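The values are calculated or read from the model by the stated rules, or taken from the named source; none is laboratory data. These figures come from a predicted structure and were not determined experimentally. Methodologically, a virtual Cβ is constructed for each residue, glycine included, from the backbone with ideal geometry; neighbour enumeration extends over all protein chains shown.
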Amino acid sequence: MAVVADPAGSTASARPAADPAPAAVEIDEVTHVYGHGAAAVTAVGPVSLRVPPGEFLVLVGASGCGKSTLLRLIAGFEEPSTGTVRAAGQPPRPGRGAGLVFQQPRLFPWRTVGGNVDLALRYAGVPKEERAVRIPRLLADVGLHDVERRRVWQISGGQQQRVAIARALAVENPLLLLDEPFAALDALTRERLQEDLRRVSAATGRTSVFVTHSVDEAVFLGSRVVVLTERPGRIALDLPIPLPRGDVKPEDLRALPEYAALRAEIGHAVRAAA
Ligand code: ADP
Ligand code: MG
């Protein structure tokens, strides 16, 4: 398990300007180059992409195609080499305006489960009494009950990742950014977390950008899927996913003929792009 000094990816939010409603994310002609001179590597672009509020966008592509770079640009951890990135109409500021979930949960192991979520709320200035009410509710939202007082090492990897999602959702951030959050989990746990994330996402309507290399995960979770080419990542396919997002059983969803068709189309695009 990775441990980092950053207490939480999610923090106090800058609320989007009410009028006129800007895109949740606006990426305009962005490229990103790592290194200089002969060692320069163009990781992304040019990419232009507009994410409206409430969308669950999934970025799919082969390993090394620039997915994480694109997500880091949206989070404000990287500056674009050319072009512009806007989140809620503003240049993104690291640690502000987005909840983040990574492949590893990145929790503080010496804190309790509740204590980890509490940190994000404290950082956002939520008063103590309110935090005490919100923590169990947030944990319940991601399917965790009776673990608030447990230590991080006393719960499973899947449960730890649920805590990481609860922490990212803790603050009323306009954006949720997830970088292959289920890649390290076993297949069954992964499926359960996908189902819960789909449910929580439909309930909260939070704008999300989710990175994966799994075609099935993309179709299952996304309201829109963007397939990236090999490095430098450009848009190979941009497809709305017109599947029901409300109260639908995962097995019923997967059994839909449209589900299979979307899976096939995206799978084909991913293979063609690689
Ligand atoms: P993905 O998430 O799709 O696997 P990344 O965005 O991590 O891809 O990386 C895209 C490309 O940029 C890769 O070829 C990777 O080696 C390169 N890259 C990523 N981060 C750095 C960095 N900090 N310095 C130099 N090259 C990098
Ligand atoms: Mg990556």
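Tally up the residues in the stretch 63-76 that are more than 10 Å from ligand 1 (Cβ to nearest atom) and surrounded by fewer than 22 Cβ atoms within 10 Å (Cβ to Cβ), please. So that I can check it myself, show each step before the final result.
Within the stretch 63-76, the first condition is being more than 10 Å from ligand 1 (Cβ to nearest atom), and the residues that meet it are 74-76.
Right, trim to surrounded by fewer than 22 Cβ atoms within 10 Å (Cβ to Cβ) and you get 76.
Going through the stretch 63-76 one residue at a time, the tally reaches 1.
Considering the stretch 216-226 alone, what residues qualify as being in a helix (DSSP H, G or I) and away from ligand 2 (no atom under 16 Å from the Cβ)?
Of the residues in the stretch 216-226, the ones in a helix (DSSP H, G or I) are 216-221.
Residues satisfying the conditions are ASP216, VAL219, PHE220, LEU221.
Run down ALA12, ALA40 and say which single residue is within 11 Å of ligand 1 (Cβ to nearest atom) and at pLDDT below 95. Steps first, please.
Working: ALA12 fails: within 11 Å of ligand 1 (Cβ to nearest atom).
None of the other options fit; the residue is ALA40.
Among residues belonging to the stretch 43-91 that are without any contact (Cβ under 8 Å) to a residue 24 or more places away in the chain and either assigned to a loop (DSSP other than H, G, I, E, B) or in contact with a Leu (Cβ under 6 Å, 6 or more places away or on another chain) (or both), point out the one that is nearest to ligand 2 (Cβ to nearest atom).
PHE77
Are there helices (runs of 4 or more DSSP H) fully within the stretch 123-210 with at least 3 residues that are more than 16 Å from ligand 2 (Cβ to nearest atom), assigned by TED's automatic domain parsing to the domain that holds GLU55 and under 25 Å from LEU243 (Cα atoms)? List them.
Values: elements: 128-141, 157-170, 187-204.
Correct list: 187-204.
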